[in-house]
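Chemist: I am attaching a structure below and will ask some questions about it afterwards.
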Amino acid sequence: MEASAIVRTVRERAAELLASGRVDLVIGFEQGSMPMRAAPCFVSDADGTDRLVWNSFCGVNLARFLRGRHGRIAVVAKACDTRALVELIKENQLCRTDMVVIGVPCAGMVDSAAVEEITGHAGITGVEEADGRLLLTAGGSPVSLPREDVLCRSCRRCSTRNPVICDIAVGERAPEPEIPGFLDVDQFAALPSEERRTRIEAEMKRCIRCNACRNVCPMCYCVRCFADDAFPQWVGRGGDPGSVMSFHLVRALHLAGRCVECGACERACPTGVDLGILNRRMSADVYRHFGYRPGMAPEIPSPLSTFSPGDPEDFMLEPDRGRSCGCGG
Amino acid sequence: MTTGENPSTAGWEPGIVAFLCNWCSYAGADSAGVGRHQYPSSVRIIRVPCAGRISPFFIISAFLEGADGVLVSGCHPGDCHYTSGNLIARRRFILLKSLLEHAGVEEGRLWFTWVSASEGGRFAAVVDTVTKRVRALGPASCLRRRFI
Amino acid sequence: MRRPPGRGITDLVERLLTVAEVYAPVERDQSVVFDRIESAREAAIDRGPAALSPKNLVFPRCEMLLSSSTRGDESGRAPDPGPGGPRVLFGVRPCDARAIALLDRILGGGEKTDSYYIRRRESLVVISIGCTESLETCFCETTGGGPRSTEGSDILLEDLGDRCEASIITEKGVWLAGQIGLEHDPAGARTPRGPAPPAGPAADLAELKKRLDRSFEDQCWRDIALKCIGCGVCTFLCPACHCFDVIDEETAGVRVRSRIWDSCQFPAFTEQASGYNPRPSAAERFRQRVMHKFSYCIERYGMPGCVGCGRCVSRCPVNLDIRTVTASFLGDGGEP
Amino acid sequence: MRNPFVPIPMTVERNRVETVDGGIRTLTLSFPADADRGAFDFVPGQFAELSILGVGEAPFGIASSPAEGGLLDFTISRVGRVTTALHHLEPGESVGLRGPLGNGYPMSELEGGDLLLAGGGFGFSTLRALARFVLKQSNRSRFGDITVVFGARSPGLLLYRDDLEEWGERRDVRLAVTVDRGDGSWTGLTGTVPDALRRLDIDAGRTTALVCGPPAMIRHTIPVLAGLGVAPERTHVSLEMKMKCGIGKCGRCSIGGRYVCTDGPVFRLADLENLPGEFR
């Protein structure tokens, strides 16, 4: 289905939902203030549904906007939005019966910063899409780029292109990519410890502790985040590298088994820290050890809220039995 | 933490923080003492109610504040005072150990094990092994906090 | 497309390097930031706007205020400033320089001046280059500045390719120009040879302030801030945002007090110890940001707290564009 | 140029419990250095930042009168890291102080007229400083009728019992102490500070009102004072707003174009009415 047909259907379905009173609010995307930007928008009457759009710049994870809102809400959701919704429902943050998911298949979202980099920051005054290419007007001249070359980092390694939960399906199912596995993680793991450390420290050095990664994350909803606690203070808020690193380590741990890899954190990071360098490790481990992919199955409990008697123990210390197992004697 | 400010000092001994569950491993450390099992004095023991109580913060904080190694020990599977605290914890520890080593904390600084109340000998052997391994690695620097 | 800087600029940088520490835009990990350079080749003046403004040089993200390594000395000591040779901040855009002019009034001015800021600022000479191109996100002219604004600059250059023309603006500029044999061009950079790029519509700031002041209690803030997720990126990237927090830390017997950048977009910014928060939701917090920039700063410091650099516009994850917001207040109807 | 972030070292003289639950204590501090004592010139209503390096810094109203021989009282409610550490200070220990900060009550405007002091909870501390100043024998004649209204949530949370007892016995001050909810032995007024104010009979034309308390109390007190006929020009409100630097730099306590730390904390109500309503 063409993008314009998707937009038309999204608008029609949204208008029906609002007109019939089935929902009080539709959360979707509208055209942003300039080309290559789509912004979350909130529509509460059927006449306003003309604002809704769908294009390659709808990267924001809309699951972030449902918590704390009253009434029945319809949300225009791509696969990673629905995966976050699934996890939030599991964690009792959202109620499935209060939401209507308008599911849209996704072929990956475009990273506008990558486009700007390629076009040398020449003013981009127009953008259209056709046949997997972006047709831009940059610095007054036409430029054509393959979408594949400018996808968000998280979208390049995406494993799920179709909504996981869906009440109203829009468009044809996108072909699912072969699950790309965790090649990036394995390659990194193959590096010597010292080199891994150097690379991660280089990423951490760019962090300015603005907390944007946490603040945009659809899964970060703690009333009081460990990073803001002063009493006790778990991680320092200053500039020492140990504190910066621990902030990111603990965040990665808090997201283990929950991170749906929507890439919201990486897109928000003002200094371009590759946050996946830690989060992907956790995704790989959770998948390999517990067979779990966050947000894929509403009925399977979160891996860290449960256990299996047969969980791996090879990581544990088993001192030489002959020498140690004297059992008190 | 009194780890060597000057790692080149020949007499450097590692500082190891041990988080021990109240019901098994802490009692196991006690039995080691009662049973006169010799083990290195490098560990500083912190008693926790259950292995399940151990937040990743505890371990990361220990490294931040200068520990050279961290040992975590709880009840053997099936023995948990709270039924399954140790098994829930086991899942977390898998991830924590993997993540820290991924980030460059050398393999051999962070250890998990099970020690029951009666296993004084095992406790001594655990501390012995851990101390040897950490001593071989030298002072930790990866997560240590330093004001610039 | 951006063009590389002319020889005039690189020659000048080489000369500067012989008399001062030079900080210029440099490319680090695919983004442009301000850092110290050792040779003119490192300067990335042609690489687009810096991701982070040069604010860090006068107002670092984390700055130690006091430290003490002994018990019983609760007052602590301010860190030793070290040798304070001249530092040149080279190649800033006029908007970023203008933001330093605002910081001068806030941190450097008032009854109690900020000694840490003053120390860093006094040794700093700012050389800006007039913009010959504007980006989609630029709106300096909307905030009362312009591509050749001299506010905050000690010297303003016009890049003419094989040479550059200099407007020497301040005493500091005269001193530095003397050091490197740079002459003031009477025509100066203020009469540009290049095309003057439009950078946003000029706005009536007084009228905007008036309309904002009238709209403090308006419901519109709730609608404007609906999509705001309070991430704070706008404030952390802003060259003019100056709010900070003061934190204390201790490790291994060393105790320090530092200040760190903070953001009015965070709930904890105003949450009182009792739990009461005068700005409980994104609506109040976003309003504070806009009001602070376009009403309170004008009232208190005589210039807006926004210089139109466009960083918040380009990096806002939800495209909450401050230009759209201010324009809505200046629209025909008055209130949006 | 003095570095405004470097504190004056102070010595803890006394640390006493104010409330039954132990949640509020008053620290009495002295200046080890005569030069610092001589330079510390303040008026009631001003505040200071107390700090323990490595733990933190927080602002507190000065609870003692300037006429108390170089000793400063600070009343501290234990709510977090800094206040807990301050609660644990022993006499003889050291604590950092930056101040005096803020504007204080408009002392020159108060002379010759009647005063109405209305404070709630632990916000009463700077009004206690003012009361002790105006009620000092050598100062008393410079002021007209003085009324002090102090409210707390419960009898156990009343502060400054010695002062309250003394003022209760004096004939030259009218004291109304009220609690939101009494207990079995409470025989005094029950109700909020605005409730107590409503019962007062004052000469509004001669009265200057000074109000300090939590935002909810201020919100409800302002209309009652207006009802009593106290003009907004003669009503002064000391505001609470989260602060950090205390010197008008960190931006945290901005209300409109004003900073509570330097332009306040005491504001004339007539001026506040022109500011955004974030203080209520």
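Every number here is computed from the coordinates shown, using simple stated rules; none is lab data. None of these values were measured; they are calculated from a predicted model. Note: ideal-geometry Cβ built from the backbone for every residue, glycine included; neighbour counts use all protein chains shown.
Chemist: Give me a single rounded figure for B:120-126: the average over its residues of other chain Cβ atoms within 10 Å of their Cβ.
Modeler: 6
Chemist: Under a plain spin-label model, where a point goes 7 Å from the Cα along Cα-to-Cβ, how far apart in nm are D:E166 and C:E122?
Modeler: 4.7
Chemist: Further, regarding this structure: Among the lysines, which fall within straight-line cross-link reach of B:K132, defined as a Cα-Cα distance under 29 Å, with same-chain neighbours fewer than 8 residues apart omitted?
Modeler: Partners found: B:K97.
Chemist: So who's got an amide H within less than 5 Å of the one on D:L210, skipping anything under 5 residues away but keeping other chains? H placed 1.01 Å off N, in plane.
Modeler: So D:L210 has HN proximity to D:L116, D:L117, D:A118, D:H236.
Chemist: Let me ask something additional. Can you flag which of A:K205/C:K112; A:K205/C:K293; A:K205/C:K55; D:K136/D:K242; C:K172/D:K244; C:K112/C:K293 are past 27 Å Cα-Cα?
Modeler: The pairs that break the limit, which is 27 Å between Cα atoms, are A:K205/C:K112; A:K205/C:K293; D:K136/D:K242; C:K172/D:K244.
Chemist: Now, a different point. List, in order, the whole-Hz ³J(HN,Hα) value for each residue of the stretch C:247-264 obtained from phi through the Karplus relation with A = 6.51, B = -1.76, C = 1.60 and θ = phi - 60°; use x for Gly and Pro.
Modeler: The phi angles translate into 10, 10, 9, 9, 8, 6, x, 8, 10, 9, 10, 9, 10, 10, 4, 10, 9, 5 Hz.
Chemist: Under DSSP H, which helices of chain B have Cα atoms covering 30 Å or more of the helix axis and a Kyte-Doolittle average no less than 1.0?
Modeler: Helices meeting the span and hydropathy rule in chain B: none at all.
Chemist: Measure nothing but the geometry: give the 0 to 90° angle between the long axis through the Cα atoms of A:79-90 and the longest principal axis through the Cα atoms of chain A, rounded to 10°.
Modeler: With rounding to tens, the tilt is 60 degrees.
Chemist: Tell me, which cysteines of chain D are without a disulfide-compatible partner by the Cβ under 4.7 Å rule?
Modeler: Cys with no partner Cβ under 4.7 Å: D:C212, D:C253, D:C261.
Chemist: May I ask you to evaluate 6.51 cos²θ - 1.76 cosθ + 1.60, the Karplus curve with θ = phi - 60°, for each residue of the stretch D:18-30 and list the ³J(HN,Hα) values in order in whole Hz, giving x for glycine and proline?
Modeler: Values per residue, Gly and Pro as x: 9, 10, 4, 7, x, x, 10, 10, 10, 9, 10, 10, 10 Hz.
Chemist: Can you sort A:S302, C:S68, D:S125 from fewest to most other Cβ atoms within 10 Å of each residue's own Cβ?
Modeler: Neighbour counts put them in this order, fewest first: A:S302, C:S68, D:S125.
Chemist: Evaluate peptide C:262-273: per residue, the Cβ atoms of other protein chains within 10 Å of its Cβ; return the mean as an integer.
Modeler: Rounded to a whole number, the mean comes out at 5.
Chemist: Would you kindly state the longest site-free stretch of chain D, with sites defined as GluC sites (Glu not before Pro) in a DSSP loop (not H, G, I, E, B) surrounded by at most 16 other Cβ atoms within 10 Å?
Modeler: So the longest stretch without any such site is D:112-272.
Chemist: Apply the Karplus curve 6.51 cos²θ - 1.76 cosθ + 1.60, θ = phi - 60°, to the phi angles in the stretch C:162-169 and return the couplings in whole Hz, x for Gly and Pro.
Modeler: Calculated HN-Hα couplings, in order: 6, 8, 9, 9, 10, 9, 9, 9 Hz.
Chemist: Counting each DSSP H run of 4 or more residues in the protein assembly as shown as -39500 (n - 2.57), what helix-only mean residue ellipticity at 222 nm follows after dividing by all residues, to the nearest 500 deg cm²/dmol?
Modeler: Mean residue ellipticity, 222 nm, calculated: -8000 deg cm²/dmol.
Chemist: Another question about this same structure. Rg (Å, one decimal) plus Dmax (Å, integer) for the alpha carbons of the stretch A:132-263?
Modeler: Reported Rg and Dmax, both Å: 19.4, 57.
Chemist: Angle check, please: helix D:125-134 long axis (alpha carbons) against the longest principal axis of chain D (alpha carbons), in degrees 0 to 90, nearest 10.
Modeler: 70
Chemist: If you don't mind, there's one more thing I want to ask. Scan chain A and hand back the longest stretch that contains none of the GluC sites (Glu not before Pro) lying in DSSP loops with at most 12 other Cβ atoms within 10 Å.
Modeler: Longest stretch, sites excluded: A:3-171.
Chemist: Something else about it: Which GluC sites (Glu not before Pro) in the stretch B:66-141 pass both tests, a DSSP loop state and at most 14 other beta-carbon atoms within 10 Å?
Modeler: B:E107
Chemist: Please rank B:W23, B:W12, A:W54, fewest neighbouring Cβ atoms within 10 Å first, as an exposure proxy.
Modeler: Neighbour counts put them in this order, fewest first: B:W12, B:W23, A:W54.
Chemist: For B:A18, what residues show an amide H to amide H distance below 5 Å, using hydrogens built from the backbone and excluding near sequence neighbours?
Modeler: For B:A18, the qualifying residues are B:R44, B:I45, B:I46, B:L71.
Chemist: On to the next question. With everything on Cα atoms, drop me the angle between helix A:193-205 and the longest principal axis of chain A, reported from 0 to 90° to the nearest 10.
Modeler: 50
Chemist: Give me the inter-chain shielding for C:107-117: mean count of other chain Cβ atoms within 10 Å, whole number please.
Modeler: The shielding value for this peptide is 5.
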